[in-house]
Amino acid sequence: MSFESKRTIVTGGASGIGLATVKLLRERGAEVMVWDVQGVDEPVDVGSDESILKALSDVDRVDALVYSAGIQTYGTAVSTSNEVWERTLMVNVTGAFKVCRAVIPKMIAAGGGSISLVGSVQSVGAVANSAAYVTSKHALLGLTRSIALDYAKAGIRCNCVCPGAIDTPMLRWSASLTDNPEATLEACAQVHPVGRLGQPEDIAGVIAFLCGEDSKFVTGTAFMADGGAMVPIGGAAFQEHGTAQAKV
């Protein structure tokens, strides 16, 4: 799939899924603008309207937007502080809203485009002790569907990519908070029926599909890229030891 002459913005493009997406789209010929708060020539703060508009000031056309900026935080509805709650939603949801609000008019002027918001399996499910993160990823799916519905007639598609556990710096940071990081990473791998962690390139390929013409009839979806993690009823332990093992 060629992206020659296509102009794309990737937020969170300095590491993880965002970086893999930047590399793949550039390999396929896209002109990619990388927006991140670190590791790029011109940092962009997705929480700042001023920063976003400055980055867009010389941009006449946007064909695709990938919102991959995000942070992981932990805490329950009781233990999560206001600061953690607000910071998580600012980066994961409000930033996506602000960037989309700024980019959509340029897409409309260009006759359409594709938006891919990077959610999570936690856009449709939940992990314990992650109230702010789970809420933010659920909200991202709601934003996806609202944009898809409101701007379909303008030729804009919007989809939410929902990865499972992907081997990124953020996942390894999360694992480092536990008593046994390697065991935690192995447990994350075993969540997927395919038996491994996802790689950033696995998700970049899905995003590239959603950005391109081959997905022109796909919009408003929660596009699962989770190694089958959301398939087993009752989780892996039930599949191994529950009634799924019944002999007939």
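Sort 222-229, 193-200 for me by packing, meaning the mean count of neighbouring Cβ atoms within 10 Å per residue, highest on top.
With the highest mean Cβ count within 10 Å placed first, the list reads 222-229, 193-200.
Can you tell me the length gained on complete extension of the stretch residue 186 to residue 124, counting 0.36 nm per residue apart and subtracting the Cα distance? Can you show the working numbers first?
Details: separation 62, 0.36 × 62 = 22.32 nm, distance 2.27 nm.
Net length gain for the segment: 20.0 nm.
Considering the options 138, 77, 21, tell which one lies farthest towards the positive end of the dipole of the chain, charges being +1 on Lys and Arg and -1 on Asp and Glu at the Cβ, about the Cα centre.
Of the listed residues, the answer is 138.
Placing +1 at every Lys and Arg Cβ and -1 at every Asp and Glu Cβ, with all other atoms neutral, what dipole size does the chain have around its Cα centre, in debye to the nearest 20?
Its charge dipole is roughly 680 debye.
Between 0 and 90 degrees, rounded to the nearest ten: what's the tilt of helix 181-190 against the longest Cα principal axis of the chain?
90 degrees
Set the Förster radius R0 to 51 Å, insert the Cβ-Cβ distance between residue 59 and residue 240 as r into 1/(1 + (r/R0)^6), and round the FRET efficiency to 0.05. Can you show the working numbers first?
Details: r = 51 Å, r/R0 = 1.01.
My answer for the efficiency is 0.50.
In sequence order, what are the phi-derived ³J(HN,Hα) couplings for the stretch 11-22 according to the Karplus relation 6.51 cos²θ - 1.76 cosθ + 1.60 with θ = phi - 60°, rounded to whole Hz, with x for glycine and proline?
8, x, x, 8, 7, x, 4, x, 5, 4, 5, 4
Step through the table entries 6/98; 54/137; 6/137, compare each Cα-Cα distance with 25 Å, and write down the pairs that go over it.
Details: 6/98 22 Å; 54/137 27 Å; 6/137 28 Å.
Listed pairs above 25 Å: 54/137; 6/137.
Taking amide H positions as placed 1.01 Å from N in the peptide plane, with prolines and chain starts having none, which residues 5 or more places from residue 115, or on another chain, fall under 5 Å of its amide H?
65, 157, 158, 159
With θ set to phi - 60°, apply the Karplus curve 6.51 cos²θ - 1.76 cosθ + 1.60 along the stretch 38-50 and write out the HN-Hα couplings as whole Hz, x wherever there is a Gly or Pro.
Computed from phi, the couplings for the stretch 38-50 are 8, x, 10, 5, 10, x, 10, 8, 5, x, 10, 4, 4 Hz.
Suppose the chain between residue 145 and residue 216 were pulled fully straight at 0.36 nm per residue; how much longer would it get relative to their current alpha carbon spacing? Provide the component values of the computation, followed by the final result.
Values: separation 71, 0.36 × 71 = 25.56 nm, distance 1.58 nm.
Residue separation times 0.36 nm, minus the Cα-Cα distance, leaves 24.0 nm.
Using only C-alpha positions, report the orientation-averaged shadow area of the convex hull of the stretch 7-54, nm², one decimal. Mind dumping the intermediate values first?
Values: hull surface 12.9 nm².
If I average the Cα hull's projected area over directions, I get 3.2 nm².
Rounded, prolate or oblate for the chain? Axes are the square roots of the Cα gyration tensor eigenvalues, ordered a ≥ b ≥ c, and the cut-off for rounded is a/c under 1.5. Don't skip to the end; give the middle numbers.
On the way: a/c = 1.83, a/b = 1.50, b/c = 1.22.
Judged from the Cα gyration tensor, the chain comes out prolate (a/c at least 1.5, a/b above b/c).
Every number in this text was worked out from the coordinates using simple rules, so none of it is lab data. Not measured: the values here are computed from a predicted model. Virtual Cβ from ideal backbone geometry, glycine too; neighbours counted across all protein chains shown.
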